[in-house]
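What follows is a short report on a single structure.
The values are calculated or read from the model by the stated rules, or taken from the named source; none is laboratory data. As the structure is a computational prediction, the values presented were derived from the model and not from experiment. Cβ coordinates were reconstructed from backbone atoms using ideal geometry, including for glycine residues, and neighbour counts include every protein chain displayed.
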There are 2 protein chains.
Amino acid sequence: MTQEKDKGMVITDDRNSPDEVYFDLSNYLAERKALVETALDRSLPVKYPERIYEAMRYSLLAGGKRLRPILCLATCEMTGGTQDMAMPTACALEMVHTMSLVHDDLPAMDNDDYRRGKLTNHKVYGDDVAILAGDGLLAYAFEHIAVETHNVPASQLLQVVARLGRAVGAAGLVGGQVVDLESEGKSDITLETLHFIHTHKTAALLEASVVCGAILAGASLEDQDRLSRYAQNIGLAFQIVDDILDITESQEVLGKTAGKDLKAQKATYPSLWGLEESKRQAAQLIEAAQAELMPFGTLARPLNAIAEFIIRRHY
Amino acid sequence: MTQEKDKGMVITDDRNSPDEVYFDLSNYLAERKALVETALDRSLPVKYPERIYEAMRYSLLAGGKRLRPILCLATCEMTGGTQDMAMPTACALEMVHTMSLVHDDLPAMDNDDYRRGKLTNHKVYGDDVAILAGDGLLAYAFEHIAVETHNVPASQLLQVVARLGRAVGAAGLVGGQVVDLESEGKSDITLETLHFIHTHKTAALLEASVVCGAILAGASLEDQDRLSRYAQNIGLAFQIVDDILDITESQEVLGKTAGKDLKAQKATYPSLWGLEESKRQAAQLIEAAQAELMPFGTLARPLNAIAEFIIRRHY
């Protein structure tokens, strides 16, 4: 999408300072993505009835940045845990995210035929199986965490279950979706409503990804709160950038129907703020996110670079 | 539905024996149902965005026998636990069950307009909100268990999360649904396939209800296994009786479109076995279920009577 994403990134504030740190984010993301892909593939073997497992796997293994799992792994490691401790939760986060995409694409919802350049789940398996595949992924996410996580105290795992449940339900993703649906076609959406939609539709699960990583590692409540704010900020920035991309990128690049928001008369940040102000706000959010990482020092390099990656992906 | 259900039941094998025990099941069920209704009502207060909470509550509080929560409470008490320990899980089981009904009724699935004499969720709130209400209930079920259960070791709660997840997902309810969908309109469904559908669509969640109650109380694995078999047997019997009722009861009594299975050319136990053999098989399953309760003695009175209630509701 951009030239920059293939280059390493300088993540200190002063890029001319002699102690600046070079962090190869592109390599880091590729490596982690590969690990996550392998774990996802193993997490859900095909059994009878094959059709439902195939439908679940079709969307779960359809690619994507795997940002949520990577954030979970990175945060767990940064706060003293291991990748192994976090991997089942990382996979569960992607299952939940995939469920939301599969249901979101249904004719009764956004009615999308393509996602990441592939036919959407219901176009391949039918609406009925797509609904069930989403339900199956959501239920399995919780089972997977409970059964597959090792070397983490049960009380911490229960906190992960609770955070994930909240992030997906009416207090999170589902709540954001409903307000989004109610807002469609309305020209008078307030900034407050738009914020609500995106802090719930996008930021809630990113926040859960980061905070669950920290919980698994046994991080302090103070650190969890810092990381929660980091995630909320990058979550909102992520959505602003998505809105910008919807306008500026072509269908070919995104692999989905671009300009769709405009056509659907959806309120977006650029429609409220204009393009330039949207970019400025996104940059400010990323800065605020990075400020929360200060106490973690160089350990925060991956999370720092990921924050920067979010803002850079359209420049 | 029947005269018998309003009378107390004699649950010893020899009904003329002097030490026979009179157990007022009707009263027991009414009492427990009232407790569950109160807990369900409290479990999900309406917040912004109201529409999704109202949609979730509409179906969650639409009545029904509350058999799953009652089984969970009864098993927890029978194996040494308390109602308080089991109530959040009991509510979660009903949330999950409600999710499956809401999604099942969708036009993309069974396309039902009425459920328990009321308009189905999507007829009131629209297909999009009904899908999201189901997702919200499913996610909230796990959150509710993790956050609201007290005085149960976290490791046991994690087992409950795992069992509930498995009972709902592709290895349970969702898997049964998919095979059910695939079997529709086919005239050559084998008994094996029909069994698969119902052990997954119905029995899996009843089994989870019972076994989770036992896990919460800290029951031994041997007792959990006994209770698992009890539940699988009553689950299958329950479905056979449902199939029989679909033929013999009128729409007025059931509050749903009766004879629908026949019209949809769905394979049912009566269509494979005939009515009389279906009744005989159901009775045999109930007997086998009750045999599993022997070691629990008089403590098993509620579970014993519930098993009998399932078979009696159409005689």
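Computed values, structure above
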{"quantity": "Looking only at region A:234-273, and only at residues there that are in a loop (DSSP other than H, G, I, E, B) and of a type in the set (Ser, Thr, Tyr), the one that is modelled with the lowest pLDDT", "calculated": "A:SER250"}
{"quantity": "The lone exception for B:GLU54 - which of (1) in contact with a strand residue (DSSP E or B) (Cβ under 6 Å, 6 or more places away or on another chain); (2) surrounded by fewer than 20 Cβ atoms within 10 Å (Cβ to Cβ) it fails", "calculated": "(1)"}
{"quantity": "Residue that is farthest from the other protein chains (Cβ to nearest Cβ), among those in region A:130-156 that are of a type in the set (Asp, Glu) and under 24 Å from B:SER43 (Cα atoms)", "calculated": "A:ASP135"}
{"quantity": "Qualifying residues in region B:24-66 (those that are more than 14 Å from chain A (Cβ to nearest Cβ) and polar (S, T, N, Q)) - the one nearest to B:TYR125 (Cα to Cα)", "calculated": "B:THR38"}
{"quantity": "The listed residue being closer than 17 Å to A:LEU173 by Cβ and more than 17 Å from the chain's Cα centre (by Cα), out of A:ASP113, A:ASP104, A:ASP135", "calculated": "A:ASP135"}
{"quantity": "So A:ALA146, is it surrounded by 24 or more Cβ atoms within 10 Å (Cβ to Cβ), among the hydrophobic types (A, V, I, L, M, F, W, C) and closer than 27 Å to A:TRP273 by Cβ", "calculated": "no"}
{"quantity": "Residue in region A:89-109 that is more than 8 Å from chain B (Cβ to nearest Cβ), closer than 24 Å to B:ASP104 by Cα and acidic (Asp, Glu) present", "calculated": "yes"}
{"quantity": "Residue check for A:MET9: modelled with pLDDT under 95, in contact with a helix residue (DSSP H, G or I) (Cβ under 8 Å, 6 or more places away or on another chain) and surrounded by 19 or more Cβ atoms within 10 Å (Cβ to Cβ)", "calculated": "yes"}
{"quantity": "Count - residues of region B:187-204 that are buried (at least 20 other Cβ atoms within 10 Å of the Cβ), free of Cβ contacts under 8 Å to residues at least 24 places away in the same chain and more than 14 Å from chain A (Cβ to nearest Cβ)", "calculated": "0"}
{"quantity": "Flag for A:ASP112 being of a type outside the set (A, V, I, L, M), more than 26 Å from A:GLU292 (Cβ to Cβ) and in contact with a Ser or Thr (Cβ under 6 Å, 6 or more places away or on another chain)", "calculated": "yes"}
{"quantity": "Residue match in region A:109-122 (condition: under 14 Å from B:LEU132 (Cα atoms), not in a helix (DSSP H, G or I) and not β-branched (Val, Ile, Thr))", "calculated": "yes"}
{"quantity": "Residue check for B:GLU207: surrounded by fewer than 20 Cβ atoms within 10 Å (Cβ to Cβ), assigned to a helix (DSSP H, G or I) and either more than 8 Å from every other protein chain (Cβ to nearest Cβ) or not basic (Lys, Arg) (or both)", "calculated": "no"}
{"quantity": "Cross-chain or 6+ apart pairs with Cβ under 6 Å, region A:157-185 first and within 7 Å of chain B (Cβ to nearest Cβ) and touching a residue at least 60 places away in the same chain (Cβ under 8 Å), then buried (at least 21 other Cβ atoms within 10 Å of the Cβ) and β-branched (Val, Ile, Thr)", "calculated": "A:VAL168/A:VAL96"}
{"quantity": "Selected residue (only one of B:LEU60, B:LEU67 is closer than 25 Å to A:GLY176 by Cα and either of a type in the set (Val, Ile, Thr) or touching a residue at least 60 places away in the same chain (Cβ under 8 Å) (or both))", "calculated": "B:LEU60"}
{"quantity": "Selection count where residues are in a helix (DSSP H, G or I) and free of Cβ contacts under 8 Å to residues at least 40 places away in the same chain, scope region B:39-52", "calculated": "3"}
{"quantity": "Lone qualifier among B:GLY175, B:GLY218, B:GLY235 - being surrounded by 20 or more Cβ atoms within 10 Å (Cβ to Cβ) and within 20 Å of A:VAL147 (Cα to Cα)", "calculated": "B:GLY175"}
{"quantity": "Hits in region A:101-141 - residues which are crowded, with 21+ Cβ neighbours inside 10 Å and among the polar types (S, T, N, Q)", "calculated": "A:THR120, A:ASN121"}
{"quantity": "Boolean, A:THR75 is within 27 Å of A:VAL178 (Cβ to Cβ), away from chain B (no Cβ under 12 Å) and among the hydroxyl-bearing types (Ser, Thr, Tyr)", "calculated": "no"}
{"quantity": "Per-region count, region A:54-102, residues part of a helix (DSSP H, G or I) and on the phi > 0 side of the Ramachandran plot", "calculated": "0"}
{"quantity": "Some residue of region B:278-301 being modelled with pLDDT under 90, part of a helix (DSSP H, G or I) and not β-branched (Val, Ile, Thr)", "calculated": "no"}
{"quantity": "Breaking point among (1) of a type in the set (S, T, N, Q); (2) crowded, with 20+ Cβ neighbours inside 10 Å; (3) within 24 Å of B:ASN304 (Cβ to Cβ), for B:GLN83", "calculated": "(2)"}
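So that you can scan it fast, the table gives a plain yes or no per residue for (1) of a type outside the set (D, E, K, R); (2) under 22 Å from A:PRO69 (Cα atoms):
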site	(1), (2)
A:GLN284	yes, no
A:ALA289	yes, yes
A:ARG301	no, yes
A:ASN304	yes, yes
A:GLU308	no, yes
A:ARG312	no, yes
